[in-house]
1. crowded, with 17+ Cβ neighbours inside 10 Å and under 11 Å from the mean Cα position of the chain (by Cα), is that true of P60?
2. What number goes with the only condition from (1) under 21 Å from K83 (Cα atoms); (2) in contact with a Phe, Trp or Tyr (Cβ under 9 Å, 6 or more places away or on another chain); (3) of a type in the set (A, V, I, L, M, F, W, C) that V23 does not pass?
3. Test of understanding: among R13, R54, which residue is at negative phi and without any contact (Cβ under 8 Å) to a residue 24 or more places away in the chain?
4. Give the residues of the range 109-132 that are more than 17 Å from A8 (Cα to Cα) and assigned to a loop (DSSP other than H, G, I, E, B), sorted by residue number.
5. Taking G37 as the residue in question, decide whether it is open to solvent by less than 70 Å² (accessible area, probe 1.4 Å), over 20 Å from R106 (Cβ atoms), small (G, A, S) and modelled with pLDDT of 95 or more.
6. How many of the residues in the range 40-51 are farther than 18 Å from D22 by Cα and surrounded by fewer than 19 Cβ atoms within 10 Å (Cβ to Cβ)?
7. Just to be sure, is R74 basic (K, R) and under 16 Å from the mean Cα position of the chain (by Cα)?
8. Condition first: under 14 Å from R106 (Cα atoms), in contact with a Ser or Thr (Cβ under 7 Å, 6 or more places away or on another chain), part of a loop (DSSP other than H, G, I, E, B) and hydrophobic (A, V, I, L, M, F, W, C). Now tell me which residues in the range 60-84 satisfy that.
Amino acid sequence: MTPLVAQAIDEIRRTFASHPMDVSEDGEGGAYVKVHGLSIGPKFSPSTSFIAFRITFQYPMADVYPHFLIHGLRRADGAALTKPFHPDNQRWGPSGKEEPATMLSRRSNHLDATVDTACGKLLKVLEWIRSQ
């Protein structure tokens, strides 16, 4: 994995120190990252989920996108998940180890590599989910 990807992972580990985290290299200089046990708020069932994503070798010039949450995620009020959530037929993870997941598509249209870190994007995604 590239040094910048490794730095991004260290920042995520420090920020989410109380949460277990899985990291596996992608074989191209990037990594697959999965942070467990994150509170996504009472509007969802379950109210906690992992959030997973891939940091590609192009980081920090490439957006960390999309993010994945627990398969079967639902709104607590019974309403259907709508875009940018994609609950059907989504899979997350390295080839051969993929698992069903709910995809969340929150692209950064005006990426600024000097400020938009992988950790910052995860924090923004969490804030956005909790505000829904």
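The values are calculated or read from the model by the stated rules, or taken from the named source; none is laboratory data. All values reported here derive from a predicted model rather than from experimental measurement. For neighbour counting, all protein chains shown are included, and Cβ atoms are generated from backbone atoms with ideal geometry for every residue, glycine included. Surface areas here come from the heavy atoms of the whole protein model, side chains and all, with no ligands, DNA or RNA. Shrake-Rupley method; radii C 1.70, N 1.55, O 1.52, S 1.80 Å.
1. Details: crowded, with 17+ Cβ neighbours inside 10 Å: yes; under 11 Å from the mean Cα position of the chain (by Cα): no.
Answer is no for this residue.
2. That leaves (1) as the condition not met.
3. Details: R54 fails: without any contact (Cβ under 8 Å) to a residue 24 or more places away in the chain.
Just one listed residue meets the conditions, R13.
4. N109, H110, Q132 - these are the residues of the range 109-132 that are more than 17 Å from A8 (Cα to Cα) and assigned to a loop (DSSP other than H, G, I, E, B).
5. Details: open to solvent by less than 70 Å² (accessible area, probe 1.4 Å): yes; over 20 Å from R106 (Cβ atoms): yes; small (G, A, S): yes; modelled with pLDDT of 95 or more: yes.
So G37 fits the description; yes.
6. From the range 40-51, those farther than 18 Å from D22 by Cα are 40-47; that's our starting set.
Narrowing further to those that are surrounded by fewer than 19 Cβ atoms within 10 Å (Cβ to Cβ): 41-43, 45-47.
Qualifying residue count, the range 40-51: 6.
7. On the way: basic (K, R): yes; under 16 Å from the mean Cα position of the chain (by Cα): no.
In short, no.
8. Within the range 60-84, A62 is the sole residue that qualifies.
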